[in-house]
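Notes for the one structure printed next.
The values are calculated or read from the model by the stated rules, or taken from the named source; none is laboratory data. Please read these numbers as outputs of a predicted model, since none were measured by experiment. Note: ideal-geometry Cβ built from the backbone for every residue, glycine included; neighbour counts use all protein chains shown.
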Amino acid sequence: MKKIFLFVKNGGNETLVGRYDSKADAQEKVMDMVEEDSVSVFNFRIEEREYEDITNRVKSYADACKVLGIEPMDEDSMKAQGFRPDEIARRQLETITEALNEGWKPNWADTDEYKYYPYFYIEVSEVQTEDDTNGAYAGLSDAATATAAAGTNAHLGSRLCFHDRETARYAGRTFTNLYAQILIEKI
């Protein structure tokens, strides 16, 4: 299927703004950005390209590497060097996220730009601990300050955000095991 790709020039670089079904849709986005960001219409260009949805092309870490044109990590070598499974999973998720975002990078200076993350509901699973008392797998943790002069939250790394809700949902559903490795410490 053909899509209209919209790019914006940032100095000497171009950033993908999005893919649209028609030139009219892309032009509407340009006009919205010109009004909001005081950028010139001359900073944009469109290009019609064949496009296969990224979710059809990225079903695994190896697929993400292929899309990005990089070699997969040597997990055995990383483990031998002392990398924990959660560290390897996080690196794999960073690669998958980069591939699924197709060139989009979050603009952290733009507080109006939405950034999406998978959301997980963790069910508690009873386990026996070594001292024969009941325990449970840990749920998601949240680091926050509430009584200081400033507040902060740490949910997921910024390298793991997505440009739209559906891509975040796809990542969460498809790569649940990798997310579990970095979010849940099993006891």
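Do we find a residue being without any contact (Cβ under 8 Å) to a residue 12 or more places away in the chain and part of a helix (DSSP H, G or I) anywhere in region 2-15?
No, the conditions are met nowhere in region 2-15.
What pairs come out if I take residues in region 63-92 that are under 17 Å from Gly103 (Cβ atoms) and pair them with residues that are in a helix (DSSP H, G or I) whose C-beta lies under 6 Å away, six or more apart or interchain?
Between residues of region 63-92 that are under 17 Å from Gly103 (Cβ atoms) and residues that are in a helix (DSSP H, G or I), the close pairs are Ala64/Thr95; Ala64/Ile96; Ala64/Ala99; Val67/Arg57; Val67/Ala99; Leu68/Ala99.
Answer with yes or no whether Ser38 is of a type in the set (Ser, Thr, Tyr), loosely packed, with under 12 Cβ neighbours inside 10 Å and outside the structural domain of Thr176 (by TED's automatic domain parsing).
yes
Given the criteria surrounded by fewer than 13 Cβ atoms within 10 Å (Cβ to Cβ) and either touching a strand residue (DSSP E or B) at 6+ places or on another chain (Cβ under 8 Å) or within 18 Å of Tyr170 (Cα to Cα) (or both), does Ser77 qualify?
Here the answer is no, as Ser77 does not meet what is asked.
Quick one: in region 28-62, which of the residues that are without any contact (Cβ under 8 Å) to a residue 24 or more places away in the chain and among the acidic types (Asp, Glu) is farthest from Leu100 (Cα to Cα)?
Per the criteria, the residue is Glu35.
Just to be sure, is Phe83 in a loop (DSSP other than H, G, I, E, B), in contact with a helix residue (DSSP H, G or I) (Cβ under 8 Å, 6 or more places away or on another chain), in the same structural domain as Lys66 (by TED's automatic domain parsing) and under 20 Å from Leu178 (Cβ atoms)?
It is false that Phe83 is in a loop (DSSP other than H, G, I, E, B), in contact with a helix residue (DSSP H, G or I) (Cβ under 8 Å, 6 or more places away or on another chain), in the same structural domain as Lys66 (by TED's automatic domain parsing) and under 20 Å from Leu178 (Cβ atoms).
Whether any residue in region 49-66 is over 20 Å from Asn177 (Cα atoms), over 15 Å from the mean Cα position of the chain (by Cα) and in a strand (DSSP E or B) is what I want to check.
Taking every residue of region 49-66 in turn, at least one turns out to be over 20 Å from Asn177 (Cα atoms), over 15 Å from the mean Cα position of the chain (by Cα) and in a strand (DSSP E or B).
Out of the residues in region 158-187 that are of a type in the set (Val, Ile, Thr) and assigned to a loop (DSSP other than H, G, I, E, B), which is surrounded by the fewest Cβ atoms within 10 Å (Cβ to Cβ)?
My answer is Ile187.
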